[in-house]
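In what follows, a single structure is set out as structure tokens and then discussed.
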Amino acid sequence: MNGWLNILIQGTLLGGLYALFAIGLSLIFGIMRLVNLAHGDLIVLAAFVILAVMTSFGVDVLTALAISLPVMFAVGFVLQYVILNRTLGRDILPPLLVTFGFSIIIQNGLQEAFSADSQRLSAGAIETASIQLGGGLAVGVMPLLTLLTAIGVIFALNALFYWAPLGRAFRATSDDPMTAQLMGIDNRRIFAIAMGIAMIVTAIAAFYLGIRANFDPSIGPARLIYAFEAVIIGGLGSLWGTLIGGIILGVAQTIGAHINPEWQILAGHVAFLVILLLRPRGLFPRAFD
Amino acid sequence: MSLLETRDLTAHYRDFQALFGVNTRLEEGDTLAVIGANGAGKSTYLRSITGLLPGAPWSIVFNGEPIGHLPAAEIMKRGIALVPEGRRLFPSLTVEENLQVGAYGRTGDGAWNIAGIYSLFPRLKERRHQASTTLSGGEQQMVAIGRALMSNPRVLLCDEISLGLAPIIIRDIYQALPRIKATGTSVVIVEQDIQQAMKVADRLYCFQKGRISLAGSPAAFSRDEIHHAYFGTRQ
Amino acid sequence: MQQPRYRIETAVEATRIFAFAGIGLVVVLVLLPFFAGRGLVQDLIFVFYMLALAQLWNLLAGYAGLVSVGQQAFVGLGGYMLFAFTVYGGIDPLLAIVLAGVVAFLLAFPTALVVFRLRGAYFAIGTWVVAEVYRLVFAQVKPLGGGTGTSLSVGVINGLFGIDFLREVFGLRTSLARDMVMYWTALALAVGTVLVVYFLLRSRRGLGLAAIRDSEVAAESVGVDSFRTKLWVYVLTAGITGMVGALIYLQTARISPDAAFSVLQWTAYVIFIVVIGGIGTIEGPIVGVLIFYLLQNYLAGFGTWYLILLGALAIVIMLFAPSGIWGYVSARFNLVLFPLRRRLVRLNTEKVDSGE
């Protein structure tokens, strides 16, 4: 019994990481209907940025994250403003193919800059710290922080959406980009800011990814797929849905891994496909699209 | 100098030419009515002015400056706001948020704010936290007008604000116009409904197949003259 | 007053010349292995199967609007089926290629059941997930090598239909005869794919596809069954993709899940070929595959920089010349080699009163 409870707890905590992967993807799809095939590679890029800041300035991982946040915001802003804005329109091919091209560029660029070796962000003793829950159950401090951060990020983004003028502009642009321009909203700038914010969340995701496990330039596409699965399971347009989607994916993977370690990823995919067949619009779809 | 002028304004949708050299003038504080049948080019005229359809710089002159080439957001910031045809409220925003977003690009220094809009259209205050999609057509039109006013524009453009509304609602909405004009805002009303437009206008333009078929003071024309300019029948 | 009369025409002058030149080219290509060196023959096998994959992806994305990034699912499936049929079924490899295509065709139905629930860009990632599922499942199949993969024995490959005939009649060495049989198979698949795509697009269904591409709603309103048309295109391309995959792994003679289901190799490169050449035309992938072959030949040695260049080139083309190289040439010189566009040609040239 405790075994299954433990699986459920560990899976839920893993889901926090997947939710962090997914929030950025969900955010930019919600605002500009852009599906970014380079999203996973941008997570890995952020992890390498944090690593590079740590090694070149000799700072600890948290300080490196703080420095990396504005850097990643700028990366997202410029990427969107200069290039991706040109691809938006009725045709879905240009954004898909351009971001696919970026995926390949980022992967190989990182390999050129950092080699194909596995890396890790070291956070000291907290990496292995855990809290005993009694009954032989324990949760790691870092996994717990990951989940709490995901929840915190969602609260912060919802506050932005519903309380700030910028958030209203995001929602208005998402509803009707043409009319939004008549409100003095510069779509190009709004989209660039949205991508910048998505990259901030991405950097936070990369921070937890890099502390939790090894990473190398090739692991981006798999992160994109987890993020995508979490978004679809949760239903488009709802960040809380995305969190639930991440948790379902995390639990499914943990159950799979428990049965046979080689089945971890497959179990997650199967859970995704089953939910897609049963609930094509996800568990918590937005009322209108 | 006129506040807003179009000079030989032309407009195209790919191969299709919608406007063929349109000249209009709007003086500060005036109300201008633009009438015409479906497809006469009225909406294209507004799309050009608001920057949704960019053109040559000097084809549209606002306050002495060329704006024909500017993007929509920039033109709005200079003080031209549009009440779009079909209202185009933001469905995921509440009534009050729709009004607030109207002031995103510009607040201006005029009298219009949330409280001002609610005193102009008291019914909106009761519905301030409802989703804009739950409102009646007339109420939605009030939100659309209020949203445009929130930026305290120097020129308010109204595209077919009576379309699809009951006559009694249309009357309510047109009753707001004098108060809007009283704040010094110049107004351009585009309508298919000739009667309403004529009542409030200082100056009238009739569009026909992308050209101006009649221009002048509404009082100067007979019913027949307007009828012919509108439908293009020969006298 | 005479009513104007029209005729529907698809060809232009260049087309008729090209039709003859094309037949001539195919004849030359068929005879080529008797004169060319082994290196060129092997290179051309690569060009042919990449061309076939590019045509198929172009049909999916450029015509049916199904932007898949998961076609590696059917390449890998075809490859693994070839191994299963030849190693465990003792079937001749050439027949096994056809059977692998049939399996891919059949499995495309349940696959479509899942991915067709996603639209547009989400369809793209959905197909990728399915390809990953195929990869992970085949990695669990121990008789086919599991996660590390397996090789085809020399005996199986040399049992290829026609090798004995070539050895006896022309006195060729086995290795050369093997290359020739594979070369002709690849050529047949490439030419066959081009013809299938061409005649499909010329058919009634192809007209429906064009309508869907322009406006799905409008197409449905005039009676085009959008779902069935897309499904048909999807399963057809899956079947042929499976055959191409089988051929690829017959030539490689070694298969592993990571290589067989590689998104870079079987989808990214293919997309690159189509985008560079010109999406939404049959000529585009042909131009694209030649450029890709040259780049691969001269630059592949640069490794990561080569891939960065490919990615950047695709982005630049997509942003500044979205119709690709062929699109540019075609518009500039009004050149059409595979006539698909129907044009009205007025037969009588007398001036008529159009009632304007």
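No value in this document is a laboratory result; all are computed from the given coordinates. Quick caveat, the model's predicted, so the values are computed rather than measured. Because the Cβ atoms are built from the backbone with ideal geometry, glycine has one as well, and the counts that use them run over all protein chains shown.
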(request) Would you mind telling me the antiparallel percentage of the DSSP bridges in the stretch B:4-231, rounded to 5? (result) 50 percent
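Given a cut-off of under 8 Å on Cα pairs at least six residues apart, what relative contact order in percent is computed for chain C?
Relative contact order comes out at 33 percent.
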(message) I'd like the FRET efficiency for residue B:231 and residue B:179, computed as 1/(1 + (r/R0)^6) with the beta carbon distance as r and R0 of 35 Å, rounded to 0.05.
(response) 0.55
(request) With runs of 4+ DSSP H residues as the only contributors, calculate the mean residue ellipticity of the protein assembly as shown at 222 nm using -39,500 (n - 2.57) per run, divided by the residue total and rounded to the nearest 500. (result) -19000 deg cm²/dmol
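Please compute the average number of Cβ atoms from other chains found within 10 Å of each residue's Cβ in peptide C:116-124.
6
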(request) Identify all lysines with a Cα-Cα distance to residue B:199 below 17 Å; exclude those on the same chain that are fewer than 8 residues away in sequence. (result) B:181
(request) Would you mind checking the tilt of helix A:220-234 against the longest principal axis of the Cα atoms of chain A, expressed as 0 to 90 degrees and rounded to 10? (result) 80 degrees
(message) Where in chain B is the longest stretch that carries no GluC sites (Glu not before Pro) classed as loop by DSSP and with at most 15 other Cβ atoms within 10 Å?
(response) B:29-235
(message) Neighbour counts of other C-beta atoms within 10 Å: give me C:329, C:27 arranged from fewest to most.
(response) C:27, C:329
(request) Rounded to the nearest 10 degrees, what's the angle between the helix C:72-83 long axis and the longest principal axis of chain C, both from Cα atoms, 0 to 90? (result) 40 degrees
(message) Can you classify the protein assembly as shown as rounded, prolate or oblate using the Cα gyration tensor, where a ≥ b ≥ c are the square roots of its eigenvalues, rounded means a/c under 1.5, and otherwise it's prolate if a/b beats b/c and oblate if not?
(response) oblate
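Report the per residue volume, in Å³, of the convex hull enclosing the C-alpha atoms of the stretch A:2-278.
Hull volume over Cα atoms, normalised by residue count, gives 137 Å³.
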(request) Answer rounded, prolate or oblate for the stretch A:83-237, using the Cα gyration tensor with square roots of eigenvalues a ≥ b ≥ c: rounded when a/c is under 1.5, else prolate when a/b is larger than b/c, else oblate. (result) oblate
(request) Going by C-beta contacts inside 10 Å, put A:43, B:114 in order with the fewest on the left. (result) B:114, A:43
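Between residue B:123 and residue A:166, what's the calculated FRET efficiency when r is the beta-carbon distance and R0 is 25 Å? Round to 0.05.
Details: r = 29 Å, r/R0 = 1.17.
In this case the efficiency is close to 0.30.
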(message) Could you tell me the center-to-center distance, by alpha carbons, between the stretch C:251-321 and the stretch C:137-201 in angstrom?
(response) 22 Å
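With both bridge residues required to lie in the protein assembly as shown, what share of the DSSP beta bridges run antiparallel, to the nearest 5%?
Of all bridge pairs located within the protein assembly as shown, approximately 60 percent are antiparallel.
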(request) Count, for each residue of C:138-150, the Cβ atoms from other chains sitting within 10 Å of its Cβ, then give me the mean as a whole number. (result) 1
(request) Sort B:12, A:39, B:129 so the one with the fewest other Cβ atoms within 10 Å of its own Cβ comes first. (result) B:129, B:12, A:39
(message) At a threshold of 8 angstrom on Cα-Cα distance, excluding pairs fewer than six apart, so keeping six or more, what relative contact order does chain A reach in percent?
(response) 36 percent
(request) Just subtract the alpha-carbon distance of residue C:20 and residue C:218 from 0.36 nm times their residue separation and send over the number in nm, one decimal. (result) 67.5 nm
(request) Report the dimensions of the stretch A:1-121 along its three principal axes from the alpha-carbon atoms, largest first, rounded to Å. (result) 52, 40, 26
(message) Using the basic label-point model (7 angstrom from Cα toward the beta carbon), what is the residue C:113 to residue A:66 distance in nanometres?
(response) 5.5 nm
(request) Calculate the length of the line joining the C-alpha centroid of the stretch B:168-222 to that of the stretch A:220-256, in whole Å. (result) 55 Å
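At a threshold of 8 angstrom on Cα-Cα distance, excluding pairs fewer than six apart, so keeping six or more, what relative contact order does the stretch B:4-231 reach in percent?
Across the stretch B:4-231, relative contact order equals 28 percent.
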(request) Measure off 7 Å from each Cα along the Cα-to-Cβ vector at residue B:130 and residue C:328, then give the distance between these two points in nanometres to one decimal. (result) 5.7 nm
(request) Report, to the nearest 10°, how far helix A:141-163 tilts away from the longest principal axis of the Cα atoms in chain A, using its own Cα long axis and a range of 0 to 90°. (result) 20 degrees
(request) Tell me the label-point distance for the pair residue C:106, residue C:175, using the 7 Å Cα-to-Cβ offset, in nm and rounded to one decimal. (result) 3.8 nm
(request) Within the stretch A:132-151, find all residues whose amide N lies under 16 Å from a label point positioned 7 Å from the Cα of residue A:125 along Cα-to-beta-carbon. (result) A:132, A:141-142
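Report the calculated FRET efficiency for residue B:56 and residue A:83 (r = Cβ-Cβ distance, R0 = 30 Å), to the nearest 0.05.
Between residue B:56 and residue A:83 the formula returns 0.55.
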